[in-house]
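To start, the structure itself, in structure tokens.
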């Protein structure tokens, strides 16, 4: 029995676009690799033939490479501009020699930063948000044009606020990691503090100090030119028995001390102007001295108490010594830590690329000034 062949029925099957696209891509890759030597072939050649690092540095503006991570000329320039921006300056404000010095110093900082970044990453460093917020506040407070201008300067550097904050968080995390790494050596035992105290006590002499009060008349006010005559009249009243604190409250031009009877607190010679110190330190305790003139006006002073020069007791300087020794330990700890990291880090610099980029920067700045 013959098998019945079904009648042909046309279908609505879509055109095989996917097969066509894949075929075109495959054909392009074959041509790129075998005939045209296109970008794919170039990339593969660089991977397998390993383009010399010097050539790659010249081609891509590498001024240095830290553990295979490059530092490019534009990255170096941006870092230098960020550093100068914190002080309200720009690269354009500097002379060519200073620009070179700033870029060279910044390159060293970037190399250390990249090196520390690698170790901090493997150490799972994290930025403390409280420290990060404090750092932002400090940057805003120290900016010459105020906190609001900080973000304007960041924008001028070509950074978004998010990019700037990410960089700052990274820096805070690195600093935190370093502190954790050297924490063990920062502790200073009391025995070491006492030993330092005994060895240097004679160098820590507390100078003679006095506690004095004064009645002051300014000579910088052109509307009151008669300061000397007035101070001598007031001095005569004091000699006749007038109350010192009352006259100070009524007549003194020193707004900070007149509400306290003229009290200036405790001070040593080196904390006050020489003319004032010479007159006041020569006075006996409890006596009202004769009027004398300083660079800003006339004074009548009274020495209320005096402490002769003496050597300090341990409790008076323990905190200061501890801070000094901790700082020395911190500096030494950081130095040793950096040496350990440097021994495990490969840093390659490219002076020729640095010089070439510096020359391009100088040309660009000169062109901007000529406009």
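Things to note:
- Test result for residue 330, surrounded by fewer than 17 Cβ atoms within 10 Å (Cβ to Cβ) and either at negative phi or at pLDDT 95 or above (or both): yes
- Residue within segment 287-302 that is farther than 30 Å from residue 322 by Cβ, without any contact (Cβ under 8 Å) to a residue 24 or more places away in the chain, assigned to a strand (DSSP E or B) and in contact with a strand residue (DSSP E or B) (Cβ under 7 Å, 6 or more places away or on another chain) present: yes
- Residues of segment 161-188 that are part of a helix (DSSP H, G or I), crowded, with 17+ Cβ neighbours inside 10 Å and more than 16 Å from the chain's Cα centre (by Cα): 177, 178, 181, 182.
- Matching residues, segment 252-262, being assigned to a helix (DSSP H, G or I) and surrounded by fewer than 17 Cβ atoms within 10 Å (Cβ to Cβ): 259, 260
- Leading residue by the ranking (nearest to the chain's Cα centre (by Cα)) among those in segment 213-233 that are part of a helix (DSSP H, G or I) and farther than 18 Å from residue 249 by Cα: 228
- Among the conditions (1) touching a helix residue (DSSP H, G or I) at 6+ places or on another chain (Cβ under 8 Å); (2) assigned to a loop (DSSP other than H, G, I, E, B); (3) not assigned by TED's automatic domain parsing to the domain that holds residue 338, the only one that residue 158 does not satisfy is (3).
- The test for being at pLDDT 85 or above, under 19 Å from residue 361 (Cβ atoms) and under 15 Å from the mean Cα position of the chain (by Cα) holds for residue 81.
- Verdict on residue 133 being touching a residue at least 40 places away in the same chain (Cβ under 8 Å), part of a helix (DSSP H, G or I), loosely packed, with under 15 Cβ neighbours inside 10 Å and out of contact with any helix residue (DSSP H, G or I) (no Cβ under 6 Å at 6 or more places or on another chain): no
- Test: residue in segment 192-209 that is in contact (Cβ under 8 Å) with a residue 12 or more places away in the chain, in a strand (DSSP E or B) and touching a strand residue (DSSP E or B) at 6+ places or on another chain (Cβ under 9 Å): yes
- Among the residues of this structure, residue 274 does not count as one that is more than 17 Å from residue 208 (Cα to Cα), in the same structural domain as residue 303 (by TED's automatic domain parsing) and surrounded by fewer than 14 Cβ atoms within 10 Å (Cβ to Cβ).
The values are calculated or read from the model by the stated rules, or taken from the named source; none is laboratory data. All values derive from a computational prediction rather than experimental measurement. With ideal geometry, Cβ positions are generated from the backbone for all residues, glycine too; neighbour counts draw on all protein chains shown.
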